[in-house]
Amino acid sequence: MKLHEYISKDIFAAYGVPTPKGHVAATPKEAGKIAKDLGGRVVVKAQVLVGGRGKAGGIKLAENAKEARTAAEEILAMEIKGLPVRKVLIDPAVEIATEIYLGITNDRAARQPVIMASAAGGVDIEEVAAKTPEKIIRAHVNPLLGLQDYQVRDLAVSIELEREHWDAFHKVTQGLWQAYQRSDATLAEINPLVITKDGELLAVDGKMLIDDNALYRHADLEAHRDIDVEAPAEVEARENELTYIKLDGEIGCMVNGAGLAMATMDIIKLFGGEPANFLDIGGGANAEKVAAALRIILQDKNVKAVLFNIFGGITRGDEVAKGILEALKQIKTDVPMVVRLVGTNAEEGRALLADANMITAESLAEAAQKAVQAAQGSK
């Protein structure tokens, strides 16, 4: 789950990372009042979960409260890369001397977090990584030991940070590590971390991604989820406790179990088809959940056939069949459907589906071949 800049910076500040003392506004009037309270020049920043805000006109400098109100009015009327701007952050403007990149993410290959720093801050870090990777300094962090002081010093030396800033850099880096670790983040990033004209370090921008699987521990963060950035089908899937990821193929997949879902997608590709989604209905799925899953699959206009691959263990075949039939009562469709149903109450399930004009299969290979043929025949 992505967090807006103002939420990310609030978390950073809670762990001792110095941030601008700005506030968020939902209306131009609120923005003007915040700017007046702050006094002096301010920066008005669109709060949308996409990059390139500045190039799109979503970041404006204002000399006073009146200009801040006007800037907020313009920005709140914008869409940036298809996303509406619903809030703006009003931060005091700072005089910048130097910009640094600092971030922590998961290195799945190393099975450890990795902290990254670069003197090339304030620009697209992906571009830096692609064109000049030597400018990004990396250090892996043992999750049992945590970020060590010597690692922070090594980073400071490697990015040629002046020694007078080492203590402040240590505070920022350790604070970022604590925010990353205790929030169950997969990314915590400051870009840029600036050195002001007064010689202070300040996180003027922030970004965090939170592991969805850990959100049950962070109800306060879950409350800040921005559904504008999520596909409607994925929102509906989450509300029904389904694991759904939309893909670009033409064969919809409904499977119980993540491993079986991956195998189903692989075998569809083996026989010349392309999966339209990953969808795991989980163990013990009842008829209501199956019906919701089928509705979500059929919302995708690219779907030319649907493949059900259900291995009944905890999940009962008759419950799955009831869900399919219930969904078909609600949604009228001529999309062909292939069902492979084995395991607990599979015979009962197949009997329920016998009169529903379903294509049945005994093996996964047979089911995949029939689904590919059905999809090609309906084009």
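The values are calculated or read from the model by the stated rules, or taken from the named source; none is laboratory data. In this text the structure is predicted, and so the values were computed from the model without any measurement. Quick reminder, even Gly has a Cβ in these numbers, built from the backbone with ideal geometry, and neighbours come from all protein chains shown. In case anyone asks, the SASA skips ligands and DNA or RNA and just uses the protein heavy atoms, side chains included. Shrake-Rupley method; radii C 1.70, N 1.55, O 1.52, S 1.80 Å.
Accessible area per residue for the chain is 49 Å², calculated with a 1.4 Å probe on protein heavy atoms, without ligands, DNA or RNA.
P(r) for the chain, from all Cα pairs and a bin width of 20 Å, is 25, 42, 29, 5 %, short bins first. Taking all protein chains together and rolling a 1.4 Å probe, Trp166 ends up with roughly 60 Å² accessible.
Of the accessible area of segment 224-283, computed with a 1.4 Å probe over protein heavy atoms only, carbon and sulfur atoms account for 56 percent.
Taking label points 7 Å from Cα along the Cα-to-Cβ direction, Asp334 and Lys66 give a separation of 6.5 nm.
Starting from the residue with the highest accessible area, list Tyr216, Tyr6, Tyr150 in decreasing order, probe 1.4 Å. List each step's numbers first, then the result.
Values: Tyr216 170, Tyr6 35, Tyr150 125 Å².
I get Tyr216, Tyr150, Tyr6, largest accessible area first.
The packing ranking of peptides 307-314, 168-175, highest mean first, is 307-314, 168-175, where packing means the average number of other beta carbon atoms within 10 angstrom of each residue.
Any chance you could run the full-extension gain for Asn302 through Ile227? It's 0.36 nm times the residue separation minus the Cα-Cα distance, nm to one decimal.
Numbers: separation 75, 0.36 × 75 = 27.00 nm, distance 2.28 nm.
That works out to 24.7 nm of additional length.
Within straight cross-link reach of Lys322, meaning Cα distance under 16 Å, which aspartates and glutamates are found once same-chain residues fewer than 8 apart are removed? The reachable aspartates and glutamates, counting only those whose Cα sits under 16 Å from Lys322, are Glu288, Glu347, Glu348, Asp355.
Computed from the Cβ-Cβ distance with R0 of 35 Å, the FRET efficiency linking Lys36 to Glu134 stands at 0.15.
If R0 is 51 Å, the Cβ-Cβ spacing of Thr243 and Lys197 corresponds to a FRET efficiency of close to 0.55.
Within segment 189-205, what residues put their amide N at less than 19 Å from the label point 7 Å along the Cα-to-Cβ vector of Lys21? Those under the cut-off are 194, 196-205. Of Lys131/Lys269; Lys33/Lys135; Lys45/Lys135; Lys60/Lys246; Lys81/Lys301; Lys2/Lys60, which ones are farther than 32 Å apart at the Cα? Over 32 Å Cα-Cα: Lys131/Lys269; Lys33/Lys135; Lys60/Lys246. Listed peptides 12-21, 68-77 appear in the order 68-77, 12-21 once ranked by packing, highest mean of other Cβ atoms within 10 Å at the front.
A simple spin-label model places pseudo-atoms 7 Å from Cα toward Cβ; at Glu274 and Asp212 they are separated by 2.2 nm.
Nearest 0.05, what FRET efficiency do Lys171 and Ala110 give at R0 = 45 Å with Cβ-Cβ as r?
On the way: r = 26 Å, r/R0 = 0.58.
Calculated transfer efficiency: 0.95.
Counting only protein chains, not ligands or nucleic acids, how are Arg86, Arg111, Arg238 ordered by accessible area (probe 1.4 Å), most first? Could you put the intermediate results ahead of the total?
Values: Arg86 135, Arg111 210, Arg238 80 Å².
Largest to smallest exposure gives the sequence Arg111, Arg86, Arg238.
Taking Cα centre as origin and charging only the Cβ of basic (Lys, Arg, +1) and acidic (Asp, Glu, -1) residues, the dipole magnitude of segment 229-379 rounds to 300 debye. Of the accessible area of segment 291-379, computed with a 1.4 Å probe over protein heavy atoms only, carbon and sulfur atoms account for 48 percent.
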